[in-house]
Amino acid sequence: MTVNDVSRALPQTVLRAATDRRLLDETIRQGRTTRAELADMTGYSRPTVSEAVRRLVEGGLLDATGLKETGRRGRIGTFYELGARAGWVLAVELDQSGVRARAADLAGRTLDEHRRPAGAPGDVDALVANLRAAVGAFPGGPGPLRAVGISIANPVHPVTHEVVPLAGTPFPEGLLSPAELIGDLVPAPILVDNDVNLAALAEHRAGRAVGEASFAYVYVGAGLGVGLYIGDQLIRGAHGLAGEIGYLPGAGAPTIAADLAAGGLGRSDAPSNDVAAALELLDRGDEPALRVLAAAVARAIISVAAVVDPALVLLGGPVGTHPALLPRVRAAISFPGPTRVEHGTLGTEAALHGALQLALEHARAAAVAV
């Protein structure tokens, strides 16, 4: 079946939405462009582009912003760019460090940002209050709020999109439904996913894993987790539990998470790693701490490599991004295959970037589907 055959088989509404989305994305990528340039870049016919641009302008997604001076006789093109009232999205990150929220336009440009500190471990009321305060701090944006992406430091069911409760979770106060807690504050779809999955999504879209069809993102922070991309698909598992490496068998304890706690890296007041203490030990080059951390992370990477053989492994999270850890992890890996281990490029903001990407992709798709 040829491309033209496929096009004829698809409903016109689907084709229109796909065309409009492609041209909207390309205009955002270019910043400012003409219909002729869009036709050249996409391969669409000029009448198709002109009709799609007309729809996008009428919908407020694009604005005509001036004439393109060519220096030649004939028709002068009109420049188009993202509409001033095209809409905006909100990204929220919930974890042991508190609540962070970022508003952005449909091009992903930051409009505003708010943070709220963490409450005491296990204090659900404080988390709820901080979440609502952070979201409620945004007065609005350029046009309608089109989507809210939420990153949470607990697994999320891929079908119901509810947070999955696990025994011994390092973020027990986060066993709640963000959509229910802020649904009255935001007139837009609320999209929730696990923080490590979203960090992997961000690295795949705009970080070190761009172009990698198969990679693993290993998060080391208050908890442990892996985000897996296999065949260009993010693997969540049947119940959202894929990548929960803290529950893998440990070397001297029942789990890898317990290995870290036994090595003096756990918190006494919560079932999680002590991030501040771990970073201080890494800064000092503490050999026992380095050995414990490197062995735990290497064990997780070997387990992942033995099952799915990723082309690339990225270390992320507040502890995983520490420069002292990477060479020790590389040295501790005893897998026979060629396991390439690097740092992610988005650092400790990867999960928030992923929540923003999740919201942007939904918002742009929904905007052209109406």
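Just a few scattered comments:
- If you go through the range 97-127 and keep only what is at negative phi, surrounded by fewer than 22 Cβ atoms within 10 Å (Cβ to Cβ) and assigned to a loop (DSSP other than H, G, I, E, B), you end up with Ser97, Ala107, Arg109, Ala118, Gly119, Ala120, Pro121, Asp123.
- Selected residue (criterion: nearest to Ser97 (Cα to Cα)) from residues of the range 267-308 that are outside any helix (DSSP H, G or I) and open to solvent by 30 Å² or more (accessible area, probe 1.4 Å): Asp274
- Subset of the range 149-172 [hydrophobic (A, V, I, L, M, F, W, C), in contact with a His (Cβ under 9 Å, 6 or more places away or on another chain) and under 20 Å from Leu90 (Cα atoms)]: Val163
- Applying a threshold of 8 Å to beta carbon distances and a minimum spacing of six or more residues, or different chains, the list of pairs starting in the range 158-184 at a residue that is open to solvent by 30 Å² or more (accessible area, probe 1.4 Å) and ending at one that is among the basic types (Lys, Arg) reads Pro158/Arg236; Leu181/Arg132.
- Among all positions in the range 201-221, there is at least one residue which is of a type in the set (Lys, Arg) and farther than 18 Å from Ala147 by Cβ.
- When residues in the range 309-352 are screened for being within 24 Å of Ala104 (Cα to Cα), open to solvent by 50 Å² or more (accessible area, probe 1.4 Å) and in contact with a Gly (Cβ under 8 Å, 6 or more places away or on another chain), 2 of them pass.
- Test: residue in the range 42-64 that is polar (S, T, N, Q), within 31 Å of the chain's Cα centre (by Cα) and open to solvent by 70 Å² or more (accessible area, probe 1.4 Å): no
- Qualifying residue in the range 143-158 (condition: more than 21 Å from the chain's Cα centre (by Cα), at negative phi and part of a loop (DSSP other than H, G, I, E, B)): yes
- Sole exception among (1) assigned to a helix (DSSP H, G or I); (2) modelled with pLDDT under 95 for Gly337, by number: (1)
The values are calculated or read from the model by the stated rules, or taken from the named source; none is laboratory data. Please read all numbers here as calculations on a predicted model, not as lab measurements. We place every Cβ from the backbone using ideal geometry, glycine too, and count neighbours over all the protein chains shown. Note: accessible area is taken over every heavy atom of the protein model, side chains too, but ligands, DNA and RNA are not part of it. Shrake-Rupley method; radii C 1.70, N 1.55, O 1.52, S 1.80 Å.
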